[in-house]
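Step one of this worksheet: look at the structure below.
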Amino acid sequence: LQDLLLLPCNLASSTQISYIFKEVASKLGRIDVVFNSGDGDGSAVSDTDDTLMEGEIESTSESRAREIFDTNFWGMCTVSREAVKVFRNVNGGSRGSSGEGRVGGRLLNLSAVEGVVPRAGKAYWSAW
């Protein structure tokens, strides 16, 4: 576990996501795999008691719905963008002395099943 680096990150913050990727690449030299799953209810960025994203669309506030999209949609987009930057710019230059080396990386994106099979009370959740 010597190469394990745990850093907190608010997935609704593109600044924090960019910082995390730079920090990890700097400390570990490269990033080979990124498992990207926003899949949060936005409660980390919410100051409401409404921590689950369930309910009728007309009873969910726009600000609450935006919290979910900031985390689960835009957060995943930002993580994907930053991962590809590292795969191309950092990992792309790390070839061994023989000219061979591991270039690129693997990006695994996981999203909610509700995007394919919607459920009642999950309109905003299904949209991302």
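Laboratory data are not the source of any read-out in this text; all were calculated from the coordinates shown. No experiment lies behind these values; they were computed from the predicted model shown. In this analysis, Cβ positions are derived from the backbone assuming ideal geometry, glycine residues included, and neighbour counts consider all displayed protein chains.
For the reader, a short list of remarks on this structure follows.
- For ASN109, the residues whose modelled amide H falls within less than 5 Å of its own, excluding neighbours fewer than 5 places apart on the same chain, are ASN36.
- Sequence-ordered 3J(HN,Hα) estimates for the range 2-10 from the Karplus curve with 6.51, -1.76 and 1.60 and θ = phi - 60° stand at 5, 9, 8, 10, 9, 9, x, 8, 8 Hz, glycine and proline given as x.
- For LYS122, the residues whose amide H sits under 5 Å from its own are GLY55, ignoring neighbours fewer than 5 places away on the same chain, with H placed 1.01 Å from N.
- A simple rule links phi to the HN-Hα coupling: the Karplus curve 6.51 cos²θ - 1.76 cosθ + 1.60 with θ = phi - 60°, which for the range 56-70 gives 5, 4, 6, 9, 9, 5, 4, 5, 5, 5, 5, 4, 5, 5, 4 Hz, with x for Gly and Pro.
- Whole-Hz ³J(HN,Hα) from phi, Karplus 6.51 cos²θ - 1.76 cosθ + 1.60, for the range 80-90, glycine and proline x: 4, 4, 5, 5, 5, 4, 5, 4, 7, 8, 9
- The range 71-90 residues near the modelled LEU107 label - backbone nitrogen below 12 Å, point 7 Å along Cα→Cβ: 76-89
- Put simply, when 65-78, 9-22 are sorted by average Cβ atoms within 10 angstrom per residue, most first, you get 65-78, 9-22.
- Taken along the Cα-to-beta-carbon direction at a fixed 7 Å, the label points for LEU6 and LYS85 span 2.6 nm.
- Computed over neighbours whose Cβ is under 13 Å from that of SER14, the net charge equals +1, Lys and Arg +1, Asp and Glu -1.
- With a simple spin-label model that places each label point 7 Å from the Cα along the Cα-to-Cβ direction, the separation between PHE69 and ALA127 comes to 0.5 nm.
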